[in-house]
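Trainee: Dropping a structure here in structure tokens format, bear with me for questions.
The values are calculated or read from the model by the stated rules, or taken from the named source; none is laboratory data. Remember, predicted model here, so these are calculated numbers, not experimental data. Note that each Cβ is placed from the backbone with ideal geometry, even for glycine, and that neighbours are counted across all protein chains shown.
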Amino acid sequence: MSAKQSGAQEVMQKFGRFLSGMVMPNIGAFIGWGLLTALFIPTGWLPNEYLAQAGGPMAKWLIPLLIGFTGGSTVYGHRGGVVGAIATAGVIAGSDIPMFLGAMIMGPFGGWCIKKFDNAVSDSIPGGFEMLVNNFSAGILGGLLALVAFAGVGPVVLAGNNILRAGVESIVAMGMLPLASLFIEPAKILFLNNAINHGILTPLGIQQAEEMGKSMFFLLEANPGPGFGVLLAYWFVGKGMSKASAPGAMIIHVLGGIHEIYFPYILMKPTLLLAVIAGGMSGVLTLTILGGGLIAPASPGSIFAVLAMTPKGAFLANIADFLVATAVSFVVASIFVKASADSDANLEDAQAELASRKAASKGQSVAGETKVAGKDLKNIVYACDAGMGSSALGAAALRKKLRKAGYNDISVTNAAIGRIPKEAQLVVSHEKLAERALEDSPQAEHIWVKDFTQNNVYEIVLERLQSAGAETSAPAESEQVKAGVLNKENVLLGLPSESKEDAIRRAGELLVKGGYVKAPYVEGMLARERDITTYIGKGIAIPHGENAVKEQILKTGIVVLQYPEGVKFGEGTAHFVVGIAGKDNDHLAILANIASTMEECSDERLEELYKTGDLQAVYDMFTKG
């Protein structure tokens, strides 16, 4: 394979994963909508006009907005998701069909636009006006994008749908029915299935059925075989969330007759259009040869509805139509799904390994299968979302232990996921971030932990170094805390207990007051806490901003809040809430001191520090260890 072909394949794989990242997190919404539709529409299993109304807004608004928000947040966090959702609303309002494709365009585009805007103006916003500018910029930019989507993107998508519809009409008029799948199957994926079926094929089928007693037109769109083959391929050779959700989708599709349930599986891997086209064409050809057809439309398009509308003498042909279409679609889809699964083998296999080992490990650290030999281990990276808080603390603790043991030539650094260096040999990340870490550094061995500080990573690394006879040297000197990172005026003692949100806000506002960060950083600290707790044990929490607000940091700074009665952080109680804003690596020495304090201080001494009114003692704890 040439370098150009390899590069093109890599681009297509990344594009497919990006589409998948928008669709798969929201597959539950598709299933929920599919169930409501299959049950309560007039031709459903339990027709109910009143309850059927609940499904309409899901297809029209809910699912496209979820896709748009997910696409925007993938590009630029929560802020990108909000702007992406606003932009998506414009494309929804400008159409009369479910605008899932428009959402997959406008969501990421909205996130990209607000990201570029923030990068351009972040350094020029006057102090105190950050929140005002952020809110109005998101609203104004989102509104403008909604207008662009309403007047521009929506009509373009609808024009594409009209082209597909015209193609179906022309193929039918020429009597070349198998070729109609070239237009019908892509049109279905764009949710034009009802327009094609009821607007073109059903009227033609009714006329033919009156003359001949049956018609193949009723099965051109309604045959569940092509979609069933794709879902089977995901189930048999796929991996991850798509494999796990395929069986439920098959039930809704084949038994419930709601074909829309499999459309997302093709949208996230567009090459699968070839599978459903091949399946559709082979099915129609089978119908033509065997003389199949229905006496009336099959609605919804379940296998039961197809059999119920099958006239005497056509059962063999119609069942063969379904089976042949399923088989051909399955074979073609399996090729593409398997090829994609192979390209993501490191990620998917590690996910499966993670799931099984997590069950067996009962909270212990889990090492990957491909181990780096101890004598060759030179680069260890701790990775988290922002790369400044929990991962930095874990890296500082491990680095200090290794240097104390004399392993000074091993680099132990921390990084944000998405920026893990390619030379990383061993990556330590939180188990909730495992998938992202694996995708960012497939070349490395991975260790997943529940807690960045309370784990056995050091034991794993030390055993490997000692068994390989790695050379040691004299212990290195401790890292020195740089002046200005923690000032005594930013150590507050004896604070009354409050909620963790209020404590985080207090720490964030102190960072703002100290000139370390801009105001939006505080919201990023709260968002980070909602994602994964920053409580690290031993009565200490280290709230810090998520990666999306890292640009709001002006300089490195740390603030310390002491709560003698404690603040509830999930399952733990924090007596020290340490607000962190890390720029470069100036804060790592303090984090190393926190780690050594947690490890070396007795519980009695920690209890004293939780309640002491001695400012110097607390200050020394963080600056000297």
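Trainee: Among the listed residues PRO247, PRO226, PRO270, identify the single one that is surrounded by fewer than 24 Cβ atoms within 10 Å (Cβ to Cβ), touching a helix residue (DSSP H, G or I) at 6+ places or on another chain (Cβ under 9 Å) and in contact (Cβ under 8 Å) with a residue 40 or more places away in the chain.
Mentor: One residue alone meets the criteria, PRO270.
Trainee: Looking at the stretch 290-327 only, could you name the residues that are of a type in the set (Val, Ile, Thr) and under 16 Å from MET212 (Cα atoms)?
Mentor: Narrowing the stretch 290-327 to residues of a type in the set (Val, Ile, Thr): 295, 303, 306, 310, 319, 324, 326.
Across the stretch 290-327, the qualifying residues are ILE295, THR310.
Trainee: Residues that are crowded, with 21+ Cβ neighbours inside 10 Å, within 17 Å of LEU433 (Cβ to Cβ), over 23 Å from the mean Cα position of the chain (by Cα) and touching a residue at least 24 places away in the same chain (Cβ under 8 Å): does the stretch 503-525 have at least one?
Mentor: no
Trainee: Could you list, ordered by first residue, the pairs with Cβ atoms under 6 Å in which the first is in the stretch 34-46 and in a helix (DSSP H, G or I) and the second is surrounded by fewer than 19 Cβ atoms within 10 Å (Cβ to Cβ) and modelled with pLDDT of 70 or more, at least 6 apart or interchain?
Mentor: LEU36/ALA54; LEU39/TRP45; LEU39/LEU46; PHE40/ASN48; PHE40/LEU51; PHE40/ALA52
Trainee: When you go through (1) of a type outside the set (Ser, Thr, Tyr); (2) modelled with pLDDT under 85; (3) more than 30 Å from VAL284 (Cα to Cα); (4) assigned to a helix (DSSP H, G or I) one by one for GLY127, which number turns out not to apply?
Mentor: Condition not satisfied by GLY127: (4).
Trainee: Take the residues in the stretch 185-216 that are closer than 25 Å to MET250 by Cα and modelled with pLDDT of 85 or more; name whichever of them is surrounded by the most Cβ atoms within 10 Å (Cβ to Cβ).
Mentor: The selected residue is GLU185.
Trainee: Give the residues of the stretch 206-253 that are among the acidic types (Asp, Glu) and within 19 Å of ALA325 (Cβ to Cβ), sorted by residue number. Full working, then the answer.
Mentor: Quick first cut of the stretch 206-253, residues among the acidic types (Asp, Glu) only: 210-211, 221.
Selection gives GLU221 alone.
Trainee: Considering each of ALA483, ALA468, ALA444 in turn, give the residue that is loosely packed, with under 15 Cβ neighbours inside 10 Å, more than 15 Å from PRO543 (Cα to Cα), modelled with pLDDT under 90 and out of contact with any helix residue (DSSP H, G or I) (no Cβ under 7 Å at 6 or more places or on another chain). Outline the logic, then answer.
Mentor: Values: ALA468 fails: out of contact with any helix residue (DSSP H, G or I) (no Cβ under 7 Å at 6 or more places or on another chain); ALA444 fails: loosely packed, with under 15 Cβ neighbours inside 10 Å.
Within the list ALA483, ALA468, ALA444, the selection yields ALA483.
Trainee: Quick check on LYS404: is it under 25 Å from ILE536 (Cβ atoms), over 25 Å from the mean Cα position of the chain (by Cα) and either modelled with pLDDT of 60 or more or not assigned by TED's automatic domain parsing to the domain that holds ILE504 (or both)?
Mentor: Working: under 25 Å from ILE536 (Cβ atoms): yes; over 25 Å from the mean Cα position of the chain (by Cα): yes; either modelled with pLDDT of 60 or more or not assigned by TED's automatic domain parsing to the domain that holds ILE504 (or both): yes.
So LYS404 passes the test.
Trainee: Based on what the data block shows, is VAL306 in a helix (DSSP H, G or I), at pLDDT 90 or above and β-branched (Val, Ile, Thr)? Outline the logic, then answer.
Mentor: Working: in a helix (DSSP H, G or I): yes; at pLDDT 90 or above: no; β-branched (Val, Ile, Thr): yes.
When the stated conditions are applied, VAL306 does not pass them.
Trainee: Consider ILE590 carefully, then state whether it is closer than 30 Å to ASN119 by Cα, touching a strand residue (DSSP E or B) at 6+ places or on another chain (Cβ under 6 Å), at pLDDT below 85 and hydrophobic (A, V, I, L, M, F, W, C).
Mentor: On the way: closer than 30 Å to ASN119 by Cα: yes; touching a strand residue (DSSP E or B) at 6+ places or on another chain (Cβ under 6 Å): yes; at pLDDT below 85: yes; hydrophobic (A, V, I, L, M, F, W, C): yes.
Against the criterion (closer than 30 Å to ASN119 by Cα, touching a strand residue (DSSP E or B) at 6+ places or on another chain (Cβ under 6 Å), at pLDDT below 85 and hydrophobic (A, V, I, L, M, F, W, C)), ILE590 qualifies.
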